[in-house]
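S.K.: What follows is a single structure, and I will ask about it in a moment.
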Amino acid sequence: MTVQVAILGCGYVGIELGRQLTDAGHDVVGVRRSDAGLEAIEDAGFDAVRADVTDAASLDAVPDVDWVVYAASAGGRGPEAARAAYVEGLRTAVETFSERPSPPDRLVYTSSTGVYGDHDGAWVDEATTLEPATERQRVLVEAEEIALDGPIDGTVVRFGGLYGPDRYRLDYYLDGPVTEGYLNSIHRDDAAGVVAHLLTTDQGRDDVVLAVDDEPVSKWAFADWLADECGVDRPPKETVEERGDDASRRVRASKRCINDRLHAVGYDLQYPTVWAGYRSAIHAFRSA
């Protein structure tokens, strides 16, 4: 059965999600504000619509759909931009689409494992109490509540650190200094794949799913492995204490994420670990 899907804030993960859903035979529209964003969607092979998620009137340009994916990002800007993108934008989208004569059946909001805050390296899952460490992370928690408590059946997908094409950040790990802590990661293709799986299998309604790979890894161990595989010297390292006041509350936050629920809903990771996910980046580095 062909389903109509709108991806609001169709960027890094959204474009890959649109590709996957289009390949599965669904009708997808990607929503962005900028010319470059719209062009990237069209280059990926599905329809693009210009709209601003914080402007209800502009969302009239988006057709009626069965599923809405809210993947808007505030980028690296401050908490006010985050509130506009994640809270105000999501609230506007939910209200606008739910009031239509043919409202969507599903809403997926893409959140972040940053909502957990600092657990001193302990294991966390969907049931763990949230302790956001920054104002931006508190905004993410507020947005999750909007997604789950609204008039459309909502699903919150908490992404680990995203990596993949154009986001391998090899220089960060190879040059250093690398601050201690754990990586809870997911490849872009799997991030999109998780959302597609939850929608197409009709799972995760009114629920939260952690989207991370199978193995949280030490940043220090990963940086050393990456340097060895790339054939360069291992980078310098520093503890959080050594970093001192330069370490943000986000950097100080440490936890290890459990993806048991992801496996329980039947999703098979394409890249179960960063060891597997970075192979193409290592090959490209050594071939340069």
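S.K.: Filter the stretch 128-160 for residues that are touching a strand residue (DSSP E or B) at 6+ places or on another chain (Cβ under 6 Å) and modelled with pLDDT under 95 and give the result.
M.R.: Residues of the stretch 128-160 touching a strand residue (DSSP E or B) at 6+ places or on another chain (Cβ under 6 Å): 140, 144, 147-148, 152-160.
Passing the criteria: only Leu140.
S.K.: Would you kindly identify the strands (runs of 3 or more DSSP E) lying entirely within the stretch 138-234 that contain at least 1 residues that are open to solvent by 20 Å² or more (accessible area, probe 1.4 Å)?
M.R.: Working: elements: 153-159, 161-163, 185-187, 207-211.
Ranges flagged: 153-159, 161-163, 207-211.
S.K.: Out of contact with any His (no Cβ under 9 Å at 6 or more places or on another chain) and open to solvent by less than 10 Å² (accessible area, probe 1.4 Å): is that true of Arg106 in this structure?
M.R.: Numbers: out of contact with any His (no Cβ under 9 Å at 6 or more places or on another chain): yes; open to solvent by less than 10 Å² (accessible area, probe 1.4 Å): yes.
Taking the combined requirement at face value, the residue satisfies it.
Let's see how each residue does on (1) of a type outside the set (Asp, Glu); (2) in contact (Cβ under 8 Å) with a residue 24 or more places away in the chain; (3) out of contact with any Phe, Trp or Tyr (no Cβ under 7 Å at 6 or more places or on another chain):
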| residue | (1), (2), (3) |
| --- | --- |
| Ala81 | yes, no, yes |
| Thr129 | yes, no, yes |
| Glu135 | no, yes, yes |
| Asp153 | no, yes, yes |
| Gly164 | yes, yes, yes |
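S.K.: A further question follows. Inside the stretch 36-65, can you point out the residues that are among the small types (Gly, Ala, Ser) and open to solvent by less than 50 Å² (accessible area, probe 1.4 Å)? Break it down stepwise before answering.
M.R.: Going residue by residue through the stretch 36-65, those that are among the small types (Gly, Ala, Ser) are 36-37, 40, 44-45, 48, 51, 56-58, 61.
Within the stretch 36-65, Gly37, Ala40, Ala44, Ala48, Ala51, Ala56, Ser58 qualify.
The values are calculated or read from the model by the stated rules, or taken from the named source; none is laboratory data. Values in this document were obtained by computation on a predicted structure and should not be read as measured data. Here the Cβ is made from the backbone with ideal geometry for all residues, glycine too, and neighbour counts use every protein chain on show. Keep in mind that these areas ignore ligands, DNA and RNA; they rest on the heavy atoms of the full protein, side chains included. Shrake-Rupley method; radii C 1.70, N 1.55, O 1.52, S 1.80 Å.
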